[in-house]
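For reference, the structure is listed below as structure tokens.
The values are calculated or read from the model by the stated rules, or taken from the named source; none is laboratory data. Please read these numbers as outputs of a predicted model, since none were measured by experiment. Here the Cβ positions follow ideal geometry from the backbone for every residue, glycine too, while neighbour counts run over all protein chains shown.
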Amino acid sequence: MTGALGIEAVAMTKRFGDFVALDDVTIRVRPGSFHALLGENGAGKSTLVKCIMGYYRPEEGQVIVGDREREIANPRQAHGLGIGMVYQHFTLVPNMTVAENLVLAQPDLPAVIDWRKERPRLEAFLAQMPFKVPLDRVASSLAAGEKQKVEILKQLYLDRRFLILDEPTSVLTPAEADEVLGLLQRMTRAGRLTILMITHKFREVMAFADEVSVLRRGKLVGGGLVTELDTDRMAAMMVGEAALPQPKSRNEQPAGAVRLRIDSISALDDGGQPAVRGLSLEVRAGEILGIAGVSGNGQRELVEVLAGQRPATGGKILVDGQPFHARRDQIRRHRIALLPEEPLRNACAPNLTVAENMGLRRFDIAPYARGPWLKPSAFREAATGLISRYRVKTPSPLAPIKALSGGNIQRAVLARELGEPPSLLIVANPVFGLDFQAVAEIHNQIIEARNLGAAVLLISEDLDELFELADRIAVMFAGRIVHETAVAGTRPTEIGRHMAGHGEDAHEAA
Amino acid sequence: MSNAAEALGWWGVPLAVIGGAIRVSTPFLFVSLGECLTERAGRINLGLEGTLIMGAMSGYATALHTGSPWAGVLVAGLAGLLFGLLHGAICSLPRVNDIAVGIGLMLLGTGLAFFLGKPYIQPKAPGLPAIDLGWWSSLPQVQAALKINVLFVIGVICAPVMLWWLKNARLGLVVRTVGDSADAARALGFPVIATRIWATAAGGFLAGVGGAFLSLYYPGSWSEGLSSGQGITAVALVIFARWNPMGCFYASLLFGGAGALGPALQSVGVTQGYYLFNALPYALTLAVMIIACSPRRTLAGAPGELGVTN
């Protein structure tokens, strides 16, 4: 490695049709610095780095690499200059081994690969790296943290001198995130690497970054040395003047009767491997039980079992003491509401209208139906009410729901599920990818359901969210609950340790 | 054959199955290797049935006109390549489903071959040569069973070469990347669409060569009933083989042997259930599909980009 590279993006403007995604943005990333790019979804962070990487061609502005202005027309040219990027989603080839993935990324891959030469090179490279990865494991069998390490190693193996990271820690436990970011920070301190990291986590900015630039709606709205800023100032820059809804206060109330009892439930994942392994838990009326865990520890399969999307291979589910099989009549009788992750995929019929999607829970009973006939007017009326109550931004109740933005689909499903006060609410990663405004609103809805006496099961990969909302937290690891505690008096690091499976059986994670 | 079979008795059955496996498996082998390559790049080409028949017709016609069966094999491959290119190019348009295109091309290939092939049903074209590995035996059955066509030998060499190529060649790794995760391929700067088009075209070439075997060696003439669904069966075979070229080879032998069981039993005088035994390859195909398509899990080894939903 020949030392860190500095980059300036000067007066960058990028338009998509009429929409200005980047508006005259200038940022300077000094060689050897750890620079954070902060902003909400849609603020233009990804657009900016994609312009630097050559995925997009900006309408105006230029990129200065080192001290020379460069035309970067495609990612290959960026790679040639020593600029690399680690994406938010993994770009490892799932069915290839780690060794194949590392070798594959080389720009001058020979026509025939001599593995007897490549292996020792890889091993020599790994020997001088701060973290280890198993070379012969297939990428799809690695845990998220390991995959992220391979992604970063891949970039380092290619001798990158400027590394862009797009929300690199979203799939890691706090401990893993600290380990990975700490290592990168040390490499910047040693002058080997410059880092530009997209993030929305203040904690990571404060702990690891030297400098920060804040984007809002395509404009650079602030920045500077991290030592001269604090979290509140940065949050104010990110959000701007828009007032967030006041957080709902939680009623102090004793937990009531057990509403949901899961008794040693098991389920398989898509590959036929055990994903949920004899998991048991109880949720009482008037409390929020948060399930923490790194993604891929069976949370998705658990929610799918509760939603009736996946058969359980063992155990039972009791709602109000009665067996529950996610049948329509049971869901209606027990007043169960469900907000799964990726609601467009898991809770909507994408091509049906907003009004029809909002009526899906009750479409076959009065007032939506009379005998075998549906009444479209009833759908429209009910939807119009819900749309204004939950502030769903839609061109009309008759627009197909897939035309809505992610936040509005989330609101529409929430409106359907909470339109009638539920007695049991199951929520999975409800604010993934949403902006502050939508996050605050949805969190308030969840708290309100709890205050009204609903039992709430909240599955989330975001520890901050769990600490904000939950009364109790249970940690899910390798398909089981491995730890359970009240939120009051618990520190996130304790939860994080259990999320990593204590370390000794961490490799068991699917 | 029946006289000799009587002399050998029941021993004739396994011998005929082995001989049949080698003979009948060759088109399976080529089509499944071609489909394996295409699917490893993330596309499904159901049109290989049509490609196979097109290859058989064009190969036969070329051999007849030039007098050289090898020219026929080459032309059959080129016809397959064209069909593969067509499939690859159409599927690269936005919102086009490769299954639907495949079915369309299957019908097009069959229809076109029947239309263009009408004049070639009667004349006799020169066939492909075979290697006599049974010279040491005085038994005509052994000689017949071990009469091995050169194309079979080429196919047998192709399978391990393709396996090695997928692991060690740059292009092989590119094909696997594109087939496994288009996002990863784009991030690495690999051309996803171009790779899929040429992988489909190369797959078509192999399937066309498989077709030439049908018309130029076994059964060795051109007729409309030449292929009895070998192309489609071979697509199923690839799943059975877990997208592994060597697996394709073993699966082709198995299906070829199953196809030869009916005639072999008939030759020793077992006439009961003749049609049932002839249906064995199809029953095997169904069984493979049922085993492969469990709703509870996805298939291990399946290229990640293969899907019927995109």
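Tabulated data for the structure shown
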quantity: Hits in region A:311-323 - residues which are of a type outside the set (Val, Ile, Thr), within 14 Å of chain B (Cβ to nearest Cβ) and either surrounded by 15 or more Cβ atoms within 10 Å (Cβ to Cβ) or without any contact (Cβ under 8 Å) to a residue 24 or more places away in the chain (or both); calculated: A:Ala312
quantity: Scan of region B:288-307 for residues that are modelled with pLDDT under 75 and either within 11 Å of chain A (Cβ to nearest Cβ) or under 17 Å from A:Val93 (Cβ atoms) (or both), ordered by number; calculated: B:Ser294, B:Pro295, B:Arg296, B:Arg297, B:Thr298, B:Leu299, B:Ala300, B:Gly301, B:Gly307
quantity: Residue check, A:Gly54 over 24 Å from A:Leu126 (Cα atoms) and of a type in the set (Gly, Ala, Ser); calculated: yes
quantity: Which listed residue, of A:Ala275, A:Ala285, is crowded, with 19+ Cβ neighbours inside 10 Å and within 14 Å of chain B (Cβ to nearest Cβ); calculated: A:Ala275
quantity: Options A:Ile64, A:Ile72, A:Ile52; residue that is buried (at least 19 other Cβ atoms within 10 Å of the Cβ) and either not in a loop (DSSP other than H, G, I, E, B) or not assigned by TED's automatic domain parsing to the domain that holds A:Asp159 (or both); calculated: A:Ile52
quantity: Residue within region B:207-220 that is farther than 27 Å from B:Leu15 by Cα and either modelled with pLDDT under 95 or under 19 Å from the mean Cα position of the chain (by Cα) (or both) present; calculated: yes
quantity: All positions within region A:309-332 that are closer than 18 Å to A:Ser423 by Cα and among the small types (Gly, Ala, Ser); calculated: A:Gly321, A:Ala326
quantity: Scan of region A:77-120 for residues that are at pLDDT below 90 and acidic (Asp, Glu), ordered by number; calculated: A:Asp108
quantity: Some residue of region B:135-142 being in contact (Cβ under 8 Å) with a residue 12 or more places away in the chain, assigned to a loop (DSSP other than H, G, I, E, B), farther than 19 Å from B:Asn244 by Cβ and within 14 Å of another protein chain (Cβ to nearest Cβ); calculated: no
quantity: Qualifying residue in region B:236-246 (condition: at pLDDT below 90, closer than 30 Å to B:Val175 by Cα and of a type in the set (Val, Ile, Thr)); calculated: yes
quantity: A:Arg30 being within 14 Å of another protein chain (Cβ to nearest Cβ), over 23 Å from the mean Cα position of the chain (by Cα) and surrounded by fewer than 16 Cβ atoms within 10 Å (Cβ to Cβ); calculated: no
quantity: Residue ranges of strands (runs of 3 or more DSSP E) in region A:208-269 with at least 2 members outside the structural domain of A:Gly44 (by TED's automatic domain parsing) and polar (S, T, N, Q); calculated: A:258-268
quantity: Selection status of A:Arg57, surrounded by fewer than 16 Cβ atoms within 10 Å (Cβ to Cβ), away from chain B (no Cβ under 11 Å), of a type in the set (Lys, Arg) and over 20 Å from A:Val212 (Cα atoms); calculated: yes
quantity: Residue within region A:340-361 that is on the phi > 0 side of the Ramachandran plot and either over 23 Å from the mean Cα position of the chain (by Cα) or away from chain B (no Cβ under 14 Å) (or both) present; calculated: yes
quantity: Number of the condition not met by B:Ala283 [criteria: (1) at pLDDT below 80; (2) surrounded by fewer than 17 Cβ atoms within 10 Å (Cβ to Cβ); (3) closer than 29 Å to B:Val153 by Cα]; calculated: (1)
quantity: Subset tally (residues that are at pLDDT 85 or above and part of a helix (DSSP H, G or I)) for region A:418-439; calculated: 1
quantity: Given (1) modelled with pLDDT under 90; (2) buried (at least 23 other Cβ atoms within 10 Å of the Cβ); (3) within 14 Å of chain A (Cβ to nearest Cβ), number of the condition B:Val178 does not satisfy; calculated: (1)
quantity: Region A:112-124 - residue that is aliphatic (A, V, I, L, M) and touching a Leu at 6+ places or on another chain (Cβ under 8 Å) and, of those, nearest to the other protein chains (Cβ to nearest Cβ); calculated: A:Ile113
quantity: Entirely in region A:86-169, the helices (runs of 4 or more DSSP H) that have 1 or more residues that are touching a residue at least 40 places away in the same chain (Cβ under 8 Å); calculated: A:98-104, A:144-157
quantity: Subset of region B:105-130 that is more than 21 Å from the chain's Cα centre (by Cα) and not in a loop (DSSP other than H, G, I, E, B) - its residue that is surrounded by the most Cβ atoms within 10 Å (Cβ to Cβ); calculated: B:Tyr120
quantity: Of residues in region B:136-170 being aromatic (Phe, Trp, Tyr) and in contact with a helix residue (DSSP H, G or I) (Cβ under 7 Å, 6 or more places away or on another chain), the one surrounded by the most Cβ atoms within 10 Å (Cβ to Cβ); calculated: B:Phe152
quantity: Exclusive hit being over 25 Å from A:Gly271 (Cα atoms), within 14 Å of chain B (Cβ to nearest Cβ) and surrounded by 22 or more Cβ atoms within 10 Å (Cβ to Cβ), set A:Leu109, A:Leu158, A:Leu165, A:Leu92; calculated: A:Leu165
quantity: The one condition in (1) under 23 Å from A:Glu448 (Cβ atoms); (2) assigned to a loop (DSSP other than H, G, I, E, B) that A:Gly407 fails to fulfil; calculated: (2)
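Yes or no, residue by residue, for (1) closer than 27 Å to A:Gly39 by Cα; (2) more than 21 Å from the chain's Cα centre (by Cα):
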site: A:Leu404; (1), (2): yes, no
site: A:Leu434; (1), (2): yes, no
site: A:Ile442; (1), (2): yes, no
site: A:Ala454; (1), (2): no, yes
site: A:Asp471; (1), (2): no, yes
site: A:His483; (1), (2): no, yes
site: A:Thr493; (1), (2): yes, no
site: A:Arg497; (1), (2): no, no
site: A:Gly501; (1), (2): no, no
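Residue-by-condition table, conditions (1) in a helix (DSSP H, G or I); (2) touching a Ser or Thr at 6+ places or on another chain (Cβ under 6 Å); (3) in contact (Cβ under 8 Å) with a residue 60 or more places away in the chain:
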| residue | (1), (2), (3) |
| --- | --- |
| A:Glu304 | yes, no, no |
| A:Gln309 | no, no, no |
| A:His325 | no, no, no |
| A:Asp329 | yes, no, no |
| A:Arg332 | yes, no, no |
| A:Ala337 | no, no, yes |
| A:Pro350 | no, no, no |
| A:Asn357 | yes, no, no |
